[in-house]
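See structure below.
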Amino acid sequence: MSMRSSWNRLAGSSWRQRWQQLQHRFRSMPRPQPEDSILLRVLVQLLVTVGIIATDIAATDVVGASGISLWAVPTSAVGATWSWYRRRDRNIPVQFCIAIAMLFALAAFLMRLVSEANDTRLALAGLLIQLQVFHSFDLPRRKDLGYSMVIGLILIGVAGTLSQTLLFGPMLLLFLAIALPVLILDYRSRLGLLTQAFRPKGSDFSLKRLGMVLLITLTLGLTIFMLLPRLPGYQLRTFPVSSTIEFEGEFDGGDIVNPGYVRGGRGGSGDGTGTDENLDGPGQLDDTFYYGFNTRINQNLRGVMQPKVVMRVRSQSEGFWRVLAFDRYTGQGWEISRNDEDQVETIERPRWSYRFLLPRSYNRGPSREVIQSYTVVADLPNLIPVLYEPRQLYFPTRQVALDQEGGLRSPVNLSEGLTYTVVSEVPYRDRTLLSEALTEYPRAIQDFYLQVPEAIAPSVREATLAALAQAPASITAPSEQALYLAQYLKQNYTLQAELPFLEEGEDLVEAFLFKHGGGYGDHFSTVLTVMLRSIGIPARLVTGFSPGDFNPFTGLYIVRNTDAYAMTEVYFPQQGWFPFDPIPGNEVIPPSIEIDQTFSALRRFWNWVAGWLPSPISGFFNRIFEAIGTAIGWLSRLLSALLQGGWIGWLIGLSSLTGLAFLGWLSWNGWQFWRYRFWLSKLPPMEALYQQMLQWLTLQGFRKPLTQTPLEYAQHLRLHRAPVQAEVIDEISQAYVSWRYGGQPPNLAYLKQQLRTLTAKRSRQFWLRRTRRT
C-alpha cells in the first residue's frame, strides 16, 4: 500500500508538473497583435451580415421561408462585440468551445447531405453561416477579420447562384458598397495607418471618391456580364432538384389533376374545385388555372384569367414550355384519345439518382442540347412543362408518366417551391429540310392526326384550298402550306374579346370561318390544325406556356398563368413535330434555338433596353448590331471552313489571323496618331508646340512629372541631355512660361525650327550609333 501511494504521489506530481509546464509555455508565447480599428470591425461585420441576409433571401426563393438570418445575424453581432472587448486575451476556453461547436455543425451538415445530395448549395451555405457565427466569438487579429471577409464573399456568391428575383440586386449593391471601404481599410491596416477611431488616420475617406469607385466597378461588372459568352452545354451534371417527394398509393399515369377544373383524367372522376359543366357546353373559365391542361378541353368557355406568376425558368434558350398535346377534335374542343393506363408509360428512376431517362423518337434532323431548370412559385396541375423534346428529367418523385403525345405527368401536383431540371434535344428548324420532307406518313400518324368530323370536312377543305389558291405562287410542300395558312389566318381573321357561346351541335371551326370571322387566341390554333388535316397534313393541338418575360439581371424567364395558350404542331417524316402559331400578334415561328447563341445574354439585355428607347434610335442601333453580327458570323464560318481543310487550312487561317492582327495594330496606331493631331489642332500654337516637345521627350524616356514646373523640368534635363539639346529645351520652356503666365507673344517660326532641329539631331545620333555598332 505504501509503494502504491508513493507511486500515485509521484504520478500526480508528474502530471502537475507537466500541466504547470504547459501553462508556462502558453503564458510565454507571444500574444497576437490585435486589430484595434473599430471602423474596420464594424464594416466587416456589416459585410458578413449582408451575405447572411442575401443567402436567406435567395433560399426563400427556392425552398420557401428559411429564417436562418433571424438567429445568425444577432448572434454573430454579439460574437463580434465579445471579440472586440476580449481581443487582447488568449480566450483558450472559448476557442475550445468553438472547436467543439464546429464539429457538431459538421456532423449536422453531413446528415443533411443525405437528404439533399443532388443540390448541396443550401447545405454548404448553412454550414458556412454556422461556422461564421462560431468564428465571430474569436476575432482578435486582422487575419481573423480577413477570414470573415472571405466568408461574406462566398455567401454572396452562393446567394447569386440561388437567387431568382431582383431582391438579390440591392443586396449585391449594398455588399459592394461596403466591400470597397473594407478593402481600403484592410490595406491601410497592413500599413499600420489605422487607429481605434472611426476616421482613418491620414485619409479623408471621401464618400464622393468611394461613390466614383463604386460607379466604375458597377459599370465594368455590367459590361462584363453582358459581353460574357454563354457557351452551350453544362460542364457539370448536378442539376437543381427538390428533395424527394414520397407518393402514397398507386400512381395512375392517366390521371390529370387540374384544381380549376374536373379532377381525374377519365370522365371527371374524383373530387375537385371544378365541375362537369366545364367539359362540354357553355361555361366560364377559371380565373387562375388554364383550361387547356386536362385530358379533355372545352373551347366553348368564356371569361378571362387574372395574371399570376406560376414559374421561374432558367434556360440556355427560350422556347415554348410544352405541357400537353391533343389528337382528337370533338367539334367544340379537344381530347387525348389514348389515355388508358396501358397506353400511358410509367417510368421509374433508380433510388440513388434523380434522373429519369426518357425514350427517344426517331428524328434525323439536327438538334442541340438545351438545359432548363424550373422553379414553381404557384400551384399547378400534375403536368410537367418541358422544352420539346425531353431526353432526361431530374424530378423529385420516384415515378413519372409519359403519354403518347409526349406529355409528362407527375404523381403529385406541382406545388410552390418545387424545383426540377430537364435536358432536352431541341431540333433546329431548317426551312429547307422541312420543305423537302416526304409526304408519305406512317400508319400510326395517319390513324390519329388526320381526323376531321365528317360533317365539316368538305366545307373546311374547300375553304383551305381557296386560301391556298390566293397565294402568289403555287405552294406544294406541307411546311410551306402550314406557314402560309398560319399567316392567312392572322391577316384575314381577328381576335375577338366578346364572343357568343356556341350552340348545341355547332362546330367551332365552321363558326370561326364562316360566321364570326375570328375568335379567341386558342380558336386560331384549332382552326389551323383542322384546316391542315383537311388537306392531308398531320397536325395536333399542343398547349403550354410562352417563354414569359426575360429578366436580364437574374437570367430567369418569369412565366405567368396568362402565358398559357395553344399552338398547332405539324408532323414531317424523319424530322419530327414542329409548331406553328397562327394567333395574331405572335410570331408564326415560335421562339426556339438558333445556330449560335454565345452572346444571347447581350442580345436579351439589348432587347430589354430597346423597349425603353424611341423606335428610330433602337432601329439605328439594331442595324449596327446586325452588321456587326453578320461580320462576326462570316468570319467564324470562314475560319471553320479553313480549319476543316487540314494543315493547309490551318496555315491559311493562322496567316489570315496574323494579317488581321497586323491590320488592327496599324488601325489602332493610326487612330491614336489622328486623335493626337486632332487634339493638337485644338490647342493654341504655343501650347501645341510645347506639348509636341513633351511628347518627343516622353518617347525618349524622360516623362515630365506632374509635380515639376516647366522650368524645373528643363533644369532637370540639363543633367541628362547634351548641352545643345538642353539649351533648346530650356529656350522652348522659357518661351512657353512667358506666353502662358506673362502674356508675351512667342516667335513661333523660330521655335518650330528649334524643335525640328532637336528632334532631327536626336534621330541622326541614334542612327549614327546604330551604324557604328553594326
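The values are calculated or read from the model by the stated rules, or taken from the named source; none is laboratory data. If you're wondering where the values come from, they're calculated on a predicted model, not measured in any experiment. Using ideal geometry, Cβ is built from the backbone for each residue, glycine included, and neighbour counts are taken over all protein chains shown. To get the accessible areas, we keep the full protein, side chains included, count just its heavy atoms, and leave off ligands, DNA and RNA. Shrake-Rupley method; radii C 1.70, N 1.55, O 1.52, S 1.80 Å.
Brief remarks follow.
- The conditions of being of a type outside the set (A, V, I, L, M, F, W, C), in contact (Cβ under 8 Å) with a residue 60 or more places away in the chain and surrounded by 15 or more Cβ atoms within 10 Å (Cβ to Cβ) are not met by Gln725.
- One residue stands out among those in segment 317-336 that are open to solvent by 30 Å² or more (accessible area, probe 1.4 Å), touching a residue at least 60 places away in the same chain (Cβ under 8 Å) and not in a strand (DSSP E or B): the one that is farthest from Asn300 (Cα to Cα), which is Glu318.
- Positions within segment 476-508 being closer than 30 Å to Gln574 by Cα, in contact with a helix residue (DSSP H, G or I) (Cβ under 7 Å, 6 or more places away or on another chain) and hydrophobic (A, V, I, L, M, F, W, C), in sequence order: Ala477, Ala482, Leu485, Ala486, Leu489
Residue-by-condition table, conditions (1) modelled with pLDDT of 70 or more; (2) of a type in the set (A, V, I, L, M):
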residue	(1), (2)
Gly619	yes, no
Ala627	yes, yes
Leu635	no, yes
Leu643	no, yes
Ile648	no, yes
Gly664	yes, no
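- Test: Thr55 is under 21 Å from Thr554 (Cβ atoms) and open to solvent by 50 Å² or more (accessible area, probe 1.4 Å): no
- Filtered residues of segment 548-562 (kept if of a type outside the set (Phe, Trp, Tyr) and surrounded by 21 or more Cβ atoms within 10 Å (Cβ to Cβ)): Leu556, Val559, Asn561
- Residues of segment 111-142 satisfying the condition of being in a helix (DSSP H, G or I), modelled with pLDDT under 85 and open to solvent by 50 Å² or more (accessible area, probe 1.4 Å): Met111, Arg112, Val114, Ser115, Arg121, Leu124, Arg142
- Boolean, Arg355 is of a type in the set (D, E, K, R) and in contact with a Pro (Cβ under 7 Å, 6 or more places away or on another chain): no
- The set of residues in segment 488-525 that are open to solvent by 70 Å² or more (accessible area, probe 1.4 Å) and either under 26 Å from Ala471 (Cβ atoms) or under 42 Å from the mean Cα position of the chain (by Cα) (or both) comprises Gln491, Asn492, Thr494, Leu495, Ala497, Glu498, Phe514, Lys515.
- Entry remark, segment 179-218: residues being outside any helix (DSSP H, G or I) and at pLDDT 75 or above number 0 in total.
- With respect to (1) part of a loop (DSSP other than H, G, I, E, B); (2) farther than 30 Å from Ser243 by Cα; (3) open to solvent by 80 Å² or more (accessible area, probe 1.4 Å), the lone exception for Glu416 is condition (2).
- Looking across segment 684-715, the residues that are more than 23 Å from Ala760 (Cβ to Cβ) and not polar (S, T, N, Q) come down to Pro684, Pro705, Leu706, Leu711, Glu712.
- Ala437 vs. criteria aliphatic (A, V, I, L, M) and modelled with pLDDT of 90 or more: no
- Test result for Ser424, among the polar types (S, T, N, Q) and crowded, with 19+ Cβ neighbours inside 10 Å: yes
- Look at (1) surrounded by fewer than 20 Cβ atoms within 10 Å (Cβ to Cβ); (2) of a type in the set (A, V, I, L, M); (3) not in a helix (DSSP H, G or I) and you find that Val150 fails only one, number (3).
- Screening Phe251, Phe239 for residues that are at pLDDT 85 or above, open to solvent by less than 80 Å² (accessible area, probe 1.4 Å) and assigned to a loop (DSSP other than H, G, I, E, B) leaves exactly one candidate, Phe251.
- Against the list (1) under 23 Å from Phe225 (Cβ atoms); (2) modelled with pLDDT of 70 or more; (3) touching a Gly at 6+ places or on another chain (Cβ under 8 Å), the condition Asp596 fails is (2).
- Number of residues in segment 552-584 that are in contact with a Leu (Cβ under 8 Å, 6 or more places away or on another chain) and part of a strand (DSSP E or B): the value is 8.
- Positions within segment 292-334 being closer than 17 Å to Val509 by Cα and either among the charged types (D, E, K, R) or within 24 Å of the chain's Cα centre (by Cα) (or both), in sequence order: Arg302, Asp327, Arg328
- Any hit, segment 599-616, residues being modelled with pLDDT of 65 or more, part of a loop (DSSP other than H, G, I, E, B) and within 29 Å of Glu369 (Cα to Cα): no
- Filtered residue count, segment 451-482, keeping only those that are surrounded by 14 or more Cβ atoms within 10 Å (Cβ to Cβ) and either touching a Leu at 6+ places or on another chain (Cβ under 9 Å) or β-branched (Val, Ile, Thr) (or both): 15
- Only residues that are assigned to a helix (DSSP H, G or I), touching a residue at least 40 places away in the same chain (Cβ under 8 Å) and surrounded by fewer than 16 Cβ atoms within 10 Å (Cβ to Cβ) were counted across segment 161-170, and they come to 2.
- Taken over segment 669-692, the criterion of being surrounded by fewer than 10 Cβ atoms within 10 Å (Cβ to Cβ) and in a helix (DSSP H, G or I) is satisfied by Phe678, Ser681.
- Residue match in segment 540-551 (condition: touching a helix residue (DSSP H, G or I) at 6+ places or on another chain (Cβ under 8 Å), of a type outside the set (A, V, I, L, M), in a loop (DSSP other than H, G, I, E, B) and more than 26 Å from Phe289 (Cβ to Cβ)): no
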